[in-house]
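All remarks here apply to the structure that follows.
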Amino acid sequence: MNKETLSSVKDVIPDIGGNFQLDPSVIEKFPEGTKVIQASSYGTSLWTRTARVSTVLPNGEKKDYFLKCATEGGAVMMEGELNSITTIYNLIPSFVPKPLAWGKFKLASPDTYFFICDFVEMSTDMPDPASFCSRVAQLHRMGLSPTGKFGFHIPTVHGKTEQPVEWDDDWTRYFTRLISHFFARDLLANGRWPEYEAAFARLVDDVIPQILDPLTSDGRSIRPSLVHGDLWEGNATTDLVTGEPMVFDAAVMYAHNEYELGMWRREIIRFGKPYFKQYLRHMPPSEPVEQWDDRNALYSLKFKLSYCLHRPGLPLVREAILADIMELVDKYAPKPKTASAVSIEAEATTEALPELKVSEIAAA
């Protein structure tokens, strides 16, 4: 923000304390007659700027809000977060901060977008496994897809990456599209690697169907469940006022409920065995039960790819992903088969990764 813009903002919204300059569009989202007392930078975030905004409501009540702002890709991110948190809030109001609005700054360059919700005093400790996992399972049980399909009605963002969440009634096809999207982004962020690409081609063509198709074979079925979509300890806490578990920074979709736990398999995530155990008390593994661990390993790959593409230049992370892929490939498809023409779109980056397809990766 240049000096002229900053000066004009102060003319529009004077007498606000703190070190975070509010935009008029943010103030317009508060209840009419609200007086903003202070706006101060709060917390840390990899992709956004965040602030705590202290206000006095028209009835004299003091109320604080949490504000998140982003520039590049911010519109999709903030609209997606508002819809994500609102969808969870409508099911279990105590499980997320109450959402207020999203919008675009009027006086900012480059274009800046924001999301506002209630400010919650949060614990820095891990949430209690029993109460937390009970609430996660409740979300999965209550969150029924309005279309009966997998997906979500608008794009959501995992990290900085927009997720392909178009409605699909086939879970195998939906998950294949999702993980392929993140794999393509990883190639763009970290470069081509023939061995890695060939292994992923075998995973898509020969392994994923063998792991996911049985969920809906021989009379079995799964229903799309609302999942948080980015559930790790950095997005989970305990409300210090109510003592209730709480989550935030959601990237929801309607998915197989077990997909949520793929994040927990990552080595650095602190949702370990006590959390798996508590969750499975409420939501037992889908049939076939004997493939539970393989499904969890498969789902974890999507979250590992997301970590890898958002933090480029970590070859050991990629090598670990390759090892995980090959463990599944060696179990389900030890002999390479002919890759099908499953597309991995590179969307706006066709010059960097033109018309990349799994069949081309396998032949690389």
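Where a number appears in this text, it was derived from the coordinates with a stated rule and is not lab data. Just so we're clear, the structure is a prediction, and the values are computed from it rather than from any experiment. Note: ideal-geometry Cβ built from the backbone for every residue, glycine included; neighbour counts use all protein chains shown.
Points worth noting:
- If the segment from ARG141 to ASP293 were pulled out straight at 0.36 nm per residue, it would be longer than the present Cα-Cα gap by 52.6 nm.
- Sites listed here are GluC sites (Glu not before Pro) in region 91-199 whose DSSP assignment is loop and whose Cβ has at most 16 other Cβ atoms within 10 Å: GLU121, GLU166.
- Region 77-106-region 193-261 distance, computed between alpha-carbon centres (Å): 21
- Linear extension gain, GLU233 paired with ASP64, 0.36 nm per residue minus alpha-carbon span: 58.5 nm
- Against the rule of thumb 2.2 N^0.38 Å, how large the Cα Rg of region 228-273 comes out: 1.22
- Label positions at LEU316 and GLU195, each projected 7 Å from the Cα along the C-beta direction, are separated by 1.7 nm.
- Summarising the strand pairing of region 6-118, around 95 percent of its internal DSSP beta bridges are antiparallel.
- Mean Kyte hydropathy of -1.0 or more with a Cα span along the axis of at least 24 Å, helices from DSSP in the chain: 74-91, 171-190, 292-310, 315-332
- Of LYS160/LYS277; LYS29/LYS98; LYS98/LYS277; LYS149/LYS273; LYS160/LYS304; LYS68/LYS273, pairs whose Cα-Cα distance is over 24 Å: LYS160/LYS277; LYS98/LYS277; LYS149/LYS273; LYS68/LYS273
- Taking the helices alone, the chain has a mean residue ellipticity at 222 nm of -11500 deg cm²/dmol, built from -39,500 (n - 2.57) per DSSP H run of at least 4 residues and averaged over all its residues.
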